[in-house]
1. Within segment 191-212, identify whether any single residue is small (Gly, Ala, Ser) and either closer than 26 Å to residue 33 by Cβ or within 14 Å of the ligand (Cβ to nearest atom) (or both), and answer yes or no.
2. Is it the case that segment 279-286 has a residue that's part of a loop (DSSP other than H, G, I, E, B), within 13 Å of the ligand (Cβ to nearest atom), more than 17 Å from residue 71 (Cβ to Cβ) and open to solvent by 20 Å² or more (accessible area, probe 1.4 Å)?
3. Condition first: surrounded by 19 or more Cβ atoms within 10 Å (Cβ to Cβ), within 20 Å of the chain's Cα centre (by Cα), away from the ligand (no atom under 15 Å from the Cβ) and in contact (Cβ under 8 Å) with a residue 12 or more places away in the chain. Can you find one or more residues in segment 258-269 that meet it?
4. If we keep just the residues of segment 169-183 that are buried (at least 18 other Cβ atoms within 10 Å of the Cβ) and part of a loop (DSSP other than H, G, I, E, B), which is nearest to the ligand (Cβ to nearest atom)?
5. So which residues in segment 45-63 are part of a loop (DSSP other than H, G, I, E, B) and not hydrophobic (A, V, I, L, M, F, W, C)?
6. Mind checking which pairs have a first residue in segment 310-328 that is under 10 Å from residue 292 (Cβ atoms) and a second that is near the ligand (Cβ under 8 Å from one of its atoms) and part of a helix (DSSP H, G or I), Cβ under 9 Å, 6 or more apart or different chains?
7. Which residue pairs have Cβ atoms under 8 Å apart, sit 6 or more places apart or on different chains, and have a first residue in segment 280-294 that is under 15 Å from residue 83 (Cβ atoms) and a second that is part of a loop (DSSP other than H, G, I, E, B) and among the aliphatic types (A, V, I, L, M)?
8. It is to be established whether one or more residues within segment 288-296 are open to solvent by less than 40 Å² (accessible area, probe 1.4 Å), among the aromatic types (Phe, Trp, Tyr) and within 9 Å of the ligand (Cβ to nearest atom).
Amino acid sequence: MLIKPILFIALSATSFATVAQTPAPTKATGNDFINVFETLSGKQAGVRKGHAKGVCATGEFEPSEQALHYSNSPLLRSGKSQANIRFSMAGGNPNADERARTPRGIGVQFITEKGEVHNIAGLTTPVFPGKSPEVFLGLLNTLVPNEQGKVDFKKVAEYRKQNPSTLGQFNWLQAHNPPSSYAHTTYFGIHTFYMVNDEGKHTPFRWQLVPETAQKQLTDEQMTSLESSFLAKQLEQDLAQAPIHLQLQAVIGQAGDPVNDPSVQWPADREVIALGRLTLTASGKNQCDPTNFDPNLLAPGFAPSDDAVLKLRSSAYAISFGKRLTGQ
Ligand code: HEM
């Protein structure tokens, strides 16, 4: 008769241990992310719930001919497109510290001569911290401060251990100092997309935007001595010297490369082809404020993969967009 209570206590202890480890949630919605962003950064009326701090830029895109047999997209076939650009700091804090070891982002909305629209939105890290929306949401949940206002970093580390797909981005950020200019760093699309040609052939690729000038990172000394906001001013100074050029490239996937997992990089030896050249000419105005850089809004000739993180982004961006345009 004693067995039952003992078993109960044993089971309780096991479930208590599981709760302490904060397992990844089994489901994640766009709203769940908006809620946790607002918990982590406070309600920030009228600004993006992710990548709250940023700066707009404008420019143009000149396609290359290298991808024409992979894709019949008007983006690659119809001459120059206009580019509406936004550089940003990850996270929902509109006063984010630009010396921090966090990702920077870029959103580009290409508008062709005929008005076709193609969006990209990527990060300075080649991978995302989670193989699924649920794993990423669980990571954000562990970063919510406790009642004493403290983040339990042991819990965060334990979660990372239990969910190794969160580690790639973390390790990358530890190994690379943050960029000293938005214009002198590479941005990665991270997800897999497809180029689609006239025959309907789908070629998997991951895009990257590579500056034509040298990559520049903050020194360890600058990471403490610089003021916490310098990137918008630096971009203006860079542009005062000369237009900024970035090469939009497609890394071509091979059979067996993971197409639905943004936490895993492809092997370094994959073929890279040019999609075109992005030229930035001006920055600092606010034309990108009312833009939603939803990465699933693609011109014909491109298609999204089934990556669940990519799919989820549309709903989170739409909620954030709706809120910020209505002053919430
Ligand atoms: C579940 C995963 C993700 C969620 C929930 C999420 C959520 C968000 C939200 C709510 C915004 C603000 C949108 C707006 O108000 O217009 C945003 C912006 C952004 N996100 Fe994500 N994101 C996710 C994954 C990613 C990934 C994988 C990347 C890079 C590949 C990325 C790059 C960006 C960038 C660059 C911006 C700023 C775009 C702009 O300047 O308007 N995000 N994200």
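1. No, segment 191-212 has no match at all.
2. Let us first name the residues in segment 279-286 that are part of a loop (DSSP other than H, G, I, E, B), namely 284-286.
From the residues that got through so far, the ones that are within 13 Å of the ligand (Cβ to nearest atom) too are 286.
Still in the running and more than 17 Å from residue 71 (Cβ to Cβ): 286.
Subset that is open to solvent by 20 Å² or more (accessible area, probe 1.4 Å): 286.
Looking through segment 279-286, at least one residue is part of a loop (DSSP other than H, G, I, E, B), within 13 Å of the ligand (Cβ to nearest atom), more than 17 Å from residue 71 (Cβ to Cβ) and open to solvent by 20 Å² or more (accessible area, probe 1.4 Å).
3. No, segment 258-269 contains no residue that is surrounded by 19 or more Cβ atoms within 10 Å (Cβ to Cβ), within 20 Å of the chain's Cα centre (by Cα), away from the ligand (no atom under 15 Å from the Cβ) and in contact (Cβ under 8 Å) with a residue 12 or more places away in the chain.
4. 182
5. So the first thing to find is which residues in segment 45-63 are part of a loop (DSSP other than H, G, I, E, B), and the list is 45-53.
Across segment 45-63, the qualifying residues are 46, 48, 49, 50, 51, 53.
6. 314/30; 317/30; 318/30; 320/30; 320/33; 320/34; 320/37
7. Taking only residues 6 or more apart or on different chains, the pairs are 280/183.
8. Within segment 288-296, the subset open to solvent by less than 40 Å² (accessible area, probe 1.4 Å) is 288, 291-295.
Pick out the ones that are also among the aromatic types (Phe, Trp, Tyr) and you get 293.
Add one more test, that the residue is within 9 Å of the ligand (Cβ to nearest atom), and what stays is 293.
Yes; the residues of segment 288-296 include at least one that is open to solvent by less than 40 Å² (accessible area, probe 1.4 Å), among the aromatic types (Phe, Trp, Tyr) and within 9 Å of the ligand (Cβ to nearest atom).
The values are calculated or read from the model by the stated rules, or taken from the named source; none is laboratory data. Note that the structure is predicted; figures quoted are calculated from it, not measured. Every residue, glycine as well, gets a Cβ built from its backbone with ideal geometry; the counts of neighbours run over all protein chains shown. These accessible areas exclude ligands, DNA and RNA; they are computed on the full protein's heavy atoms, side chains included. Shrake-Rupley method; radii C 1.70, N 1.55, O 1.52, S 1.80 Å.
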